[in-house]
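The values are calculated or read from the model by the stated rules, or taken from the named source; none is laboratory data. Bear in mind that the values here come from a model prediction, so they are computed numbers and not experimental data. Counting neighbours? That spans all protein chains shown, and the Cβs are built from the backbone with ideal geometry, glycine included. Accessible surface is based on the protein model in full, side chains and every heavy atom, while ligands, DNA and RNA are left aside. Shrake-Rupley method; radii C 1.70, N 1.55, O 1.52, S 1.80 Å.
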Amino acid sequence: MTRRTRRKLADVARYTILGLWLVVVLFPLFWSVMTSLKPPYEWFTWPPTWIPNPFTLNNYRVAWFGELLDTQYVQSASIQTPFHALVNSLFIAGVSTALSVALGLLLAYGASRYGILSERALFRFLMLRMIPPIVVAVPILLYYATLGLLDSYVGLIVIYVVSTLPYSLWMTKSFIDEVPIEVEQAAELFGASRLRTLWEVVLPLIRSGVVATFLFILILTWSEYLMAVTLSATKISTLPVQLSKYEGATEGRLYGWQQAMSIGVTLPLIAIGYAIHRHLVRGFSFGMLKR
């Protein structure tokens, strides 16, 4: 067997494995989309119905706008408030992500250029994030109850900023470390202050990395469930909490409605990711900037 033949066989094996893995990854998304388009009598069929017959958008109307459902198979009424939860998720995830990335950027700049945090301190900072959230959920609940932060925007934003700050710090620091310090020294020779150097010189150079960090933190805060359901009640409810209510004693297993809402929960992240995909490609491959 020649070298060229072995290389072709290796390519075929590699693409076959990647193709199979792609099918494994995409199958849950395919099943979710198809279920959201099925009429109620096809939610529980066995063998399963792969393609809806007929296609229907009624699940989206019921899940997002509310409607009494009274059929031979399901009898229930949607009492959820998904648009209120959507506004809450947009506000809480957006503000907490912006604050986390901004604070992480300032800390990372100080650690990278002034050594305000040693390597050991940075690792300890990251180790705080390794604590399982379920371990600290009840103590935080007690603190919040004492401070009056339960079921409030401030309460969730604070816990999201604190819990994601280690990621912001580590990711932005790795990008700042790649920027030659000589560039900043040149800016200072022309009279630029430290803050202006950071804003007009460093930040544009690591813009793609900051965007990648922002999206990563946004995904974490957007999809967070445990703290949201522990620290909120009726006033502040996010989309993950709202989505979980379709698996309860009163709602039953309303797969079609649940999947219709899950698609709506996922679409904003896909849209944001697509809008900034050029920055993401460069951000995730940062390190090309050479001294």
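For the reader, a short list of remarks on this structure follows.
- Length gained on full extension, Ser32 to Ser193: 52.7 nm, using 0.36 nm per residue less the C-alpha separation.
- Dipole check for the chain: with +1 at the C-beta of Lys and Arg, -1 at the C-beta of Asp and Glu, and the Cα centre as origin, the magnitude is about 1260 Debye.
- Surface exposure of the chain, expressed per residue as accessible area with a 1.4 Å probe, stands at 59 Å².
- Selection among Ser262, Leu189, Val162 by position relative to the dipole of the chain gives Leu189 as farthest towards the positive end (Cβ unit charges, Cα centre).
- Within a Gaussian network of the chain (alpha carbon springs, distance under 10 Å), most fluctuating of Gly256, Gly191, Gly94: Gly191
- Per-pair calculated FRET efficiency, R0 = 41 Å: Arg278 and Gln185 via Cβ, rounded to 0.05: 0.85
- Prolate/oblate/rounded call for the chain, Cα gyration tensor, a/c under 1.5 rounded: oblate
- Full-extension gain in nm, Arg120 to Arg4, via 0.36 nm per residue minus C-alpha separation: 36.8 nm
- Restricting the range 123-216 to chymotrypsin sites (Phe, Trp or Tyr not before Pro) in coil, as DSSP defines it, with at most 10 other Cβ within 10 Å: Phe190
- Computed about its Cα centre, the charge dipole of the range 98-238 is approximately 260 debye, with only Lys, Arg, Asp and Glu carrying charge at their Cβ.
- Of interest is the spacing of the C-alpha centroids, which for the range 81-107 and the range 189-204 amounts to 27 Å.
- Degrees, to the nearest 10: 3-36 long Cα axis against longest axis of the chain: 60 degrees
- Cα gyration tensor category, rounded, prolate or oblate, for the range 86-143 with a/c compared to 1.5: oblate
- Distance between the pseudo-spin-label points of Arg207 and Met127 (7 Å out from Cα toward the beta carbon): 3.9 nm.
- Angle of helix 82-109 to the longest C-alpha principal axis of the chain, folded into 0 to 90 degrees and rounded to 10: 20°.
- Surrounding net charge for Leu117, when Lys and Arg each add one and Asp and Glu each subtract one, Cβ distance under 14 Å: +2
- Per-residue extension of 0.36 nm, minus the Cα-Cα distance of Arg253 and Val24, leaves a gain of 80.0 nm for this segment.
- With both labels modelled 7 Å from their Cα along Cα-to-Cβ, the Val154 to Ile17 distance reads 5.4 nm.
- Cβ-defined net charge surrounding Tyr160, 14 Å radius [Lys, Arg +1; Asp, Glu -1]: 0
- Anisotropy class assigned to the range 148-229 is prolate, per the alpha carbon gyration tensor with a/c at or over the 1.5 cut-off and a/b larger than b/c.
- Each of Leu128, Leu149, Ser237 was placed along the dipole of the chain (beta-carbon charges, centred on the mean Cα), and the one lying farthest toward the positive end is Leu128.
- Within the chain, helix-based [θ] at 222 nm, where runs of 4 or more DSSP H residues each add -39,500 (n - 2.57), nearest 500: -21500 deg cm²/dmol
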